[in-house]
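Take a look at the structure set out below.
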There are 2 protein chains.
Amino acid sequence: MAISFTIEKKCRDTLGRTGVLKTPHGEVKTPVFMPVGTQATVKALTPDQVKEAGAEILLANTYHLYMRPGHELVREAGGLHKFMNWDRPILTDSGGFQVFSLGALRKVTEEGVLFASHLDGSRHMLTPEKAIEIEEALGADIIMAFDECSPWPAEYDAVAAAMERTHRWAQRCKDAKTREDQALFGIVQGGTYADLRKESAKVIDSMDFPGNAIGGLSVGEPKPLMNEMLDITVPLLSENKPRYLMGVGSFDCFVDGVARGVDMFDCVLQTRMARNGTALTRNGRLVVRNAQYARDFSPIEEGCTCYTCRHFTRAYIRHLVKAGEILGATLLTIHNIHTSVQFMKEIRRAIEEDRFLAFKNEFFANYQG
Amino acid sequence: MAISFTIEKKCRDTLGRTGVLKTPHGEVKTPVFMPVGTQATVKALTPDQVKEAGAEILLANTYHLYMRPGHELVREAGGLHKFMNWDRPILTDSGGFQVFSLGALRKVTEEGVLFASHLDGSRHMLTPEKAIEIEEALGADIIMAFDECSPWPAEYDAVAAAMERTHRWAQRCKDAKTREDQALFGIVQGGTYADLRKESAKVIDSMDFPGNAIGGLSVGEPKPLMNEMLDITVPLLSENKPRYLMGVGSFDCFVDGVARGVDMFDCVLQTRMARNGTALTRNGRLVVRNAQYARDFSPIEEGCTCYTCRHFTRAYIRHLVKAGEILGATLLTIHNIHTSVQFMKEIRRAIEEDRFLAFKNEFFANYQG
């Protein structure tokens, strides 16, 4: 087995739990937030800075790396870990969500997805087999099955068809997989239709992947609907396997997801917000570029122990952002990752100390979104 | 005295020398290369990365910081060192060169320079007194006199007039200065006219600044002409004071400048090249974005001990540059600063070991520009 997962502590009042995910590149404590390194780099940071910010595992994007620099080149480089100088665990998505995001530029058939590159318009075909070939060349610790993600809103029949295809593709991914040192996760689809979600959870769970992901959420639907889908999906996924909620990364979603039994999260929010001059804090977002911070010589977040908050003021970071300086993005990215990782640590501690429900209630009493 | 300068070793065959420049924020070994942090940040690096790359002293730009975020804000922040979290020495220019570079947007009178901001077109006046006021608010260890830099080529009479005004302005700067913990350097002008350079060197040297700079070179003139100007200027500047050649930073100019008695250099070349995807190496420039490096899994410069060369390949950095990733600029900036600082260390060692002339000859035998 490429990975193993051990539950350490269960919450009394919710489905929340803490655990340890062992991978070929080390252990990850769950629940965990995975920063995104789309093109083999967490945007604006060196790997050392990513580590110092506390990240234990990264996500990289198969679609982007397939397009540039190409998976064969990454294979020649010795795999993604060596290529990008990251010796901790990596998870790669399958490219399914990215080609789905290309909209009019792609065409879905039973075989796979025909799409035009966002870089040069060249035509490519991603299939379950091709996705696995690419993910094996990249060499992440955890790889994802190639799925078809439905938009929101979408007609029942279309969502059902995409879900069924996702199940067939999941089996093809399983069949195509050759590397023993990588763990393949299945992905539950089904949009926001309760019966489809249930069906998908049962089918994917029955295929006995070492981990199960919930895809197709946080694609535009209201948050209560996402939580409803988690409520009906998660209990159908094997308890002793890690559960990964894809593409979700705001603090409220961390709390809501963990309470519903999710162990893993990833999101570009932390890094994208940073490049837009916005900091994530415990109480909501802080738009550093706003004029009110021009002469604010306090740190981004009082009490935060990240490199940024230990050494720089809101006034300085605002200056950098206004001046278009790269360091502004770097400092905010460090903070946003650090504070997200720290927040997840607090969630873990709350579960360990049997007070997660109180933590959750207190969090939502103060959260300003 | 805000600074002191001690010559440690003189070259047998050239005017080169090693020395120690003591400032309120620590010592600097000369000859020294000063990376540029125009807007209170060395572009694409954290201060920790700048230190790790070996920089002992930074240059920051008065014009830019006056325009944004404003010198009063920096003063309120506790000065530039605290604002940008850099506890080693800083040198600020006077803004003279920058307003000169604005071209049609500025008008020079005896009083000073009236100019339009590059940010919003608003009108401002920089005078010797105003430049000193700003530089005192910024609080660098070494501050520069406000000068008028002539373009190249330029008519004799215009260059002479600018030089004479520079001398009058130098005295006004001296008179305006109030802080005891900052050292004010004078600037020699005179374009590429030998008699003007000589006159300017004599006048500026006679004003007894704690250090003397040579301005108005590397503004388009051929390199042999720059060296010729150094040959006639430097010997007229007090031997026991640091000599600073402004805006010059290529390796060949380091060697040529040191051989002619220069102690300090600054340049945006290292950081700007990096952002354009180009690495500086001992033997010339390496355009990492070129296709020939796509599958080159060797470091930027074999034997280099910088963070970039210890951990990343040309292929990876090329990927980052092609993909427009910030980390590409960061890694190349680290290398370019590190290799420049290391090169200057080698120059120092060559002088200390009485073999600088051989070092110089060997360098030019291999240098490809």
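If I go through the stretch B:94-107 residue by residue, how many of them are of a type outside the set (D, E, K, R) and either in contact with a Ser or Thr (Cβ under 6 Å, 6 or more places away or on another chain) or not in a helix (DSSP H, G or I) (or both)?
Count: 3.
What residue, among those in the stretch B:20-48 that are within 14 Å of chain A (Cβ to nearest Cβ) and part of a strand (DSSP E or B), is nearest to B:GLY257 (Cα to Cα)?
Looking at the filtered set, the residue picked out is B:PRO35.
Specify the residue that is surrounded by the most Cβ atoms within 10 Å (Cβ to Cβ); the eligible residues are those in the stretch A:1-50 that are within 17 Å of the chain's Cα centre (by Cα) and among the basic types (Lys, Arg).
A:LYS43
What residue, among those in the stretch B:279-291 that are of a type in the set (S, T, N, Q) and touching a helix residue (DSSP H, G or I) at 6+ places or on another chain (Cβ under 7 Å), is nearest to the other protein chains (Cβ to nearest Cβ)?
B:THR281
Checking the structure you have, find out if any residue of the stretch B:118-137 is touching a residue at least 24 places away in the same chain (Cβ under 8 Å), in contact with a strand residue (DSSP E or B) (Cβ under 7 Å, 6 or more places away or on another chain) and either part of a loop (DSSP other than H, G, I, E, B) or within 14 Å of chain A (Cβ to nearest Cβ) (or both).
no
So B:ILE347 passes all but one of these: (1) within 13 Å of chain A (Cβ to nearest Cβ); (2) in contact with a Pro (Cβ under 8 Å, 6 or more places away or on another chain); (3) of a type outside the set (Gly, Ala, Ser). Which condition number does it fail?
Exception for B:ILE347: condition (1).
When you look at A:GLY211, is it on the phi > 0 side of the Ramachandran plot and touching a residue at least 24 places away in the same chain (Cβ under 8 Å), yes or no?
Criteria not met by A:GLY211.
Out of everything in the stretch A:246-269 that is hydrophobic (A, V, I, L, M, F, W, C) and farther than 20 Å from A:ASN283 by Cα, what residue ends up being nearest to the chain's Cα centre (by Cα)?
Checking each candidate, the answer is A:MET246.
Can you say whether B:GLY79 is closer than 22 Å to B:CYS173 by Cα, free of Cβ contacts under 8 Å to residues at least 24 places away in the same chain and surrounded by fewer than 24 Cβ atoms within 10 Å (Cβ to Cβ), as far as the supplied structure shows?
For B:GLY79, the condition - closer than 22 Å to B:CYS173 by Cα, free of Cβ contacts under 8 Å to residues at least 24 places away in the same chain and surrounded by fewer than 24 Cβ atoms within 10 Å (Cβ to Cβ) - is not met.
If A:THR333 satisfies every condition in (1) more than 30 Å from B:THR271 (Cβ to Cβ); (2) within 14 Å of chain B (Cβ to nearest Cβ); (3) not aromatic (Phe, Trp, Tyr) but one, which is the exception?
The one condition A:THR333 does not meet is (1).
Just for the stretch B:292-330: of the residues that are of a type in the set (A, V, I, L, M, F, W, C) and more than 22 Å from A:LEU138 (Cβ to Cβ), which one is nearest to the other protein chains (Cβ to nearest Cβ)?
Per the criteria, the residue is B:ALA329.
Within the stretch A:117-162, can you find the residues that are under 21 Å from A:ALA213 (Cβ atoms) and of a type in the set (Phe, Trp, Tyr)?
Hits for the stretch A:117-162 are A:PHE146, A:TRP152.
Of the conditions (1) surrounded by fewer than 21 Cβ atoms within 10 Å (Cβ to Cβ); (2) not in a loop (DSSP other than H, G, I, E, B), A:LEU91 fails just one. Which one is it?
The single condition A:LEU91 does not satisfy is (1).
Scan the stretch B:83-100 residue by residue and report those that are of a type outside the set (Asp, Glu) and out of contact with any Phe, Trp or Tyr (no Cβ under 9 Å at 6 or more places or on another chain).
Passing the criteria: B:TRP86, B:ARG88, B:PRO89, B:ILE90, B:THR92, B:PHE100.
Going by what's in this entry, would A:GLY277 be described as at pLDDT 95 or above, more than 25 Å from B:LEU327 (Cβ to Cβ) and in contact with a strand residue (DSSP E or B) (Cβ under 7 Å, 6 or more places away or on another chain)?
No; evaluated as a whole, the condition is false for this residue.
For the stretch A:53-60, indicate whether the set of residues that are surrounded by fewer than 22 Cβ atoms within 10 Å (Cβ to Cβ), in contact with a helix residue (DSSP H, G or I) (Cβ under 9 Å, 6 or more places away or on another chain) and at the interface with chain B (Cβ under 10 Å from one of its Cβ atoms) is non-empty.
no
Could you list, ordered by first residue, the pairs with Cβ atoms under 6 Å in which the first is in the stretch B:232-259 and of a type in the set (Phe, Trp, Tyr) and the second is surrounded by fewer than 23 Cβ atoms within 10 Å (Cβ to Cβ) and outside any loop (DSSP other than H, G, I, E, B), at least 6 apart or interchain?
Pairs found: B:PHE251/B:PHE343.
Which of the numbered conditions does B:MET84 fail, given that it passes all the others? Conditions: (1) crowded, with 21+ Cβ neighbours inside 10 Å; (2) away from chain A (no Cβ under 14 Å).
For B:MET84, the exception is condition (2).
Can you tell which of A:ARG197, A:ARG243 is in contact with a Ser or Thr (Cβ under 6 Å, 6 or more places away or on another chain) and charged (D, E, K, R)?
Result: A:ARG197 is the single residue among A:ARG197, A:ARG243 that is in contact with a Ser or Thr (Cβ under 6 Å, 6 or more places away or on another chain) and charged (D, E, K, R).
When the stretch A:27-47 is examined, which residues are found to be closer than 15 Å to A:LEU80 by Cβ and in contact (Cβ under 8 Å) with a residue 40 or more places away in the chain?
Result: A:MET34, A:PRO35, A:VAL36, A:GLY37, A:THR38, A:ALA40, A:THR41, A:VAL42.
Could you check the stretch B:241-353 for helices (runs of 4 or more DSSP H) lying wholly inside it with 2 or more residues that are within 25 Å of A:VAL42 (Cα to Cα)?
Helices (runs of 4 or more DSSP H) meeting the threshold: B:269-275, B:307-311, B:314-322, B:326-352.
Among the residues that make up the stretch A:258-278, is at least one of them under 20 Å from B:LEU73 (Cβ atoms), away from chain B (no Cβ under 14 Å) and not charged (D, E, K, R)?
Scanning the stretch A:258-278 turns up at least one residue that is under 20 Å from B:LEU73 (Cβ atoms), away from chain B (no Cβ under 14 Å) and not charged (D, E, K, R).
Sort out which residues of the stretch B:109-142 are aliphatic (A, V, I, L, M), farther than 25 Å from B:TYR244 by Cα and crowded, with 16+ Cβ neighbours inside 10 Å, and write them in order of number.
B:LEU114, B:ALA116, listed by residue number.
The values are calculated or read from the model by the stated rules, or taken from the named source; none is laboratory data. Small disclaimer: the values here were computed from a predicted structure and weren't measured. Note that we place each Cβ from the backbone using ideal geometry, even for glycine, and neighbour counts take in every protein chain shown.
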